[in-house]
Each structure stands twice: as structure tokens, then as C-alpha cells.
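Colleague: Quick one: structure below, then a few questions.
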Amino acid sequence: MTKVSKKVQDLLKANQGIQLDIGGGAHPQKNFICLDIRPLETVDIVWNLERFPWPLPDECCIRVMASHVVEHINPSFGDPRVYPLIQLLLKKKVITPKEAKEYIGETEDVPRFIRFMNEVWRILKPDGQFMIAVPHGNSQGMLQDPTHINFCNPATFAYFDPLEPNTQGLLYRIYFPKPFRINHISFSPAANMEVVLEKRREDKSYYGE
């Protein structure tokens with residue numbers, strides 16, 4: 001069951017936009033709502049970040065933070081046997097679409113990191129910020145942790161910006177994810193990266209239409 005605190009419910013009703021710390025755990029940022037898989041006292045929304053959609057409405061956040069979370073997100077597809085099985089169960093009416101949504105979440109297979117970024121885009125208000133701290137893909141900090149699976153470098157985020165000048169949008173057009181603008185990247189190949197993205201409004205030109 002999803003645990004969403006009354007504090008979050010009240011903030012969402014106010015519709016002024018929340019600040020969300022995803023994976024904040026026992027030490028969430030001050031004045032941020034904390035979403036984490038662990039049912040800690042400091043966690044306002046208990047949820048698995050790789051189960052989509054998250055229990056938040058569209059465009060409810062003015063700012064989202066992910067500090068040392070992105071490196072744990074599966075960059076590829078899930079188990080290739082699972083989604084065909086889900087579709088078969090739905091086709092044979094062994095389970096209903098409502099049950100699939102409640103117990104499984106999304107029933108289409110998309111690379112998890114792309115889907116994760118799309119979900120952040122969904123819950124951000126237009127021009128909202130996504131702030132990321134992540135170990136550089138070449139750093140010892142990235143290599144040492146056995147649960148680190150998503151290796152990022154500065155070019156990684158060009159895949160999410162359709163107007164990124166260095167690549168002229170070529171990387172974006174490989175996967176066509178939801179569009180962000182890269183506002184800031186600072187990094188040390190031996191340490192961490194800090195990235196600030198801004199939600200772009202969708203534009204048909206990004207998709208060649």
C-alpha cells in the first residue's frame with residue numbers, strides 16, 4: 001500500500017507546487033517532501049522509484065531533487081519476460097487493467113532511466129527544476145558501490161535536451177524522451193557531478209513534426 005502523509009495531501013490541495021526530495025531517506029532536504037522506498041518517519045511518500053507512475057499528480061512540483069539516486073536507476077529495460085507475460089494475462093483476462101495498474105504499475109516496457117526522467121518531467125510544473133547530484137561515471141565513488149548501475153557523464157544529459165548546442169539535438173533524437181533544458185553542469189571526473197535541468201514545454205519540432 002502507498003503511504004502518502006496528510007502533509008502531502010494538504011500541500012497538493014493547495015496547488016502551489018511542492019519541492020520533492022526523491023530518495024531522501026532519513027535525511028531529506030529541509031522544506032522538501034520526501035519520497036523513498038523505505039517506510040521511515042522522515043518519508044512522506046513510500047514508493048519504489050522504478051514503479052510508474054508515481055502517486056503524484058501532473059505538474060505538482062516546482063522543484064525535484066535527486067542526490068545520489070540516479071546512479072541506482074536501471075538504465076536499461078526490465079526483465080524481457082515480464083511485460084509480454086503481463087500483456088498475455090491481460091489478453092486472456094486473467095487479470096484486469098485495474099489490477100495491473102494497482103499491483104504492477106505501468107504495463108509498457110521502456111528503458112527504466114528514460115522512464116524515470118519522463119516521470120520527473122510529468123510531475124514538474126513548466127520551467128520547474130530538476131537538481132541532480134551523481135558520481136561521475138569514471139570516479140572511484142561510482143565504481144566502488146555494487147548497487148551503482150547507471151554510469152553518467154556530462155554528455156548523458158544531452159540525451160534529454162532537444163536543443164543542446166554541442167550535439168544540436170542529435171542525442172535527444174535517439175530516444176525522444178520528454179524534453180528538458182540543461183541549465184548547469186559542473187563535474188570532476190574523479191568525484192561528482194551536479195546537474196540542474198529545467199522542464200521544457202513539449203514542441204512538435206523536437207520530434208521532427
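Colleague: Do you know which residues across segment 52-86 are of a type in the set (A, V, I, L, M), open to solvent by 40 Å² or more (accessible area, probe 1.4 Å) and in a helix (DSSP H, G or I)?
Modeller: Matches in segment 52-86: 82, 85.
Colleague: If you check every pair at least six apart or on different chains, which have Cβ atoms under 7 Å apart with a residue in segment 160-188 that is among the hydrophobic types (A, V, I, L, M, F, W, C) first and a residue that is in a strand (DSSP E or B) and surrounded by fewer than 19 Cβ atoms within 10 Å (Cβ to Cβ) second?
Modeller: 180/198
Colleague: State the number of residues belonging to segment 94-127 that are more than 16 Å from the chain's Cα centre (by Cα) and among the polar types (S, T, N, Q).
Modeller: Residues flagged as more than 16 Å from the chain's Cα centre (by Cα) and among the polar types (S, T, N, Q) within segment 94-127 amount to 2.
Colleague: Which members of segment 24-48 meet the condition of being within 18 Å of residue 128 (Cβ to Cβ) and in contact (Cβ under 8 Å) with a residue 24 or more places away in the chain?
Modeller: 24, 29, 32, 33, 45
Colleague: Give me the pairs: first residue in segment 101-123 and within 16 Å of residue 151 (Cα to Cα), second residue modelled with pLDDT of 80 or more and small (Gly, Ala, Ser), beta-carbon distance under 6 Å, and six or more apart or on different chains, which are they?
Modeller: As it stands, the answer is 111/76, since those pairs meet every condition given.
Colleague: Let me ask another. If a residue counts only when it is open to solvent by less than 20 Å² (accessible area, probe 1.4 Å), of a type in the set (Phe, Trp, Tyr) and modelled with pLDDT of 95 or more, which helices (runs of 4 or more DSSP H) contained entirely in segment 87-185 have at least 2 such residues?
Modeller: 112-123
Colleague: Output yes when any residue across segment 29-52 is in contact with a Ser or Thr (Cβ under 9 Å, 6 or more places away or on another chain), under 21 Å from residue 193 (Cβ atoms) and not basic (Lys, Arg), and no when none is.
Modeller: Checked segment 29-52: at least one residue is in contact with a Ser or Thr (Cβ under 9 Å, 6 or more places away or on another chain), under 21 Å from residue 193 (Cβ atoms) and not basic (Lys, Arg).
Colleague: Kindly indicate whether residue 35 is out of contact with any strand residue (DSSP E or B) (no Cβ under 7 Å at 6 or more places or on another chain) and crowded, with 20+ Cβ neighbours inside 10 Å.
Modeller: Taking the combined requirement at face value, the residue does not satisfy it.
Colleague: I'd like to know if segment 154-165 contains one or more residues that are under 17 Å from the mean Cα position of the chain (by Cα), closer than 22 Å to residue 23 by Cβ and among the polar types (S, T, N, Q).
Modeller: Looking for residues that are under 17 Å from the mean Cα position of the chain (by Cα), closer than 22 Å to residue 23 by Cβ and among the polar types (S, T, N, Q), one finds at least one in segment 154-165, hence yes.
Colleague: Taking the condition of being open to solvent by less than 80 Å² (accessible area, probe 1.4 Å) and within 17 Å of residue 119 (Cα to Cα), how many residues in segment 196-209 meet it?
Modeller: Qualifying residue count for the region: 5.
The values are calculated or read from the model by the stated rules, or taken from the named source; none is laboratory data. This structure is a prediction, so every number in the text was calculated from the model and none was measured. As a convention, Cβ positions derive from the backbone with ideal geometry for all residues, glycine included, and neighbour counts pool all protein chains shown. These area figures cover heavy atoms from the full protein model, side chains too; ligands, DNA and RNA do not enter into them. Shrake-Rupley method; radii C 1.70, N 1.55, O 1.52, S 1.80 Å.
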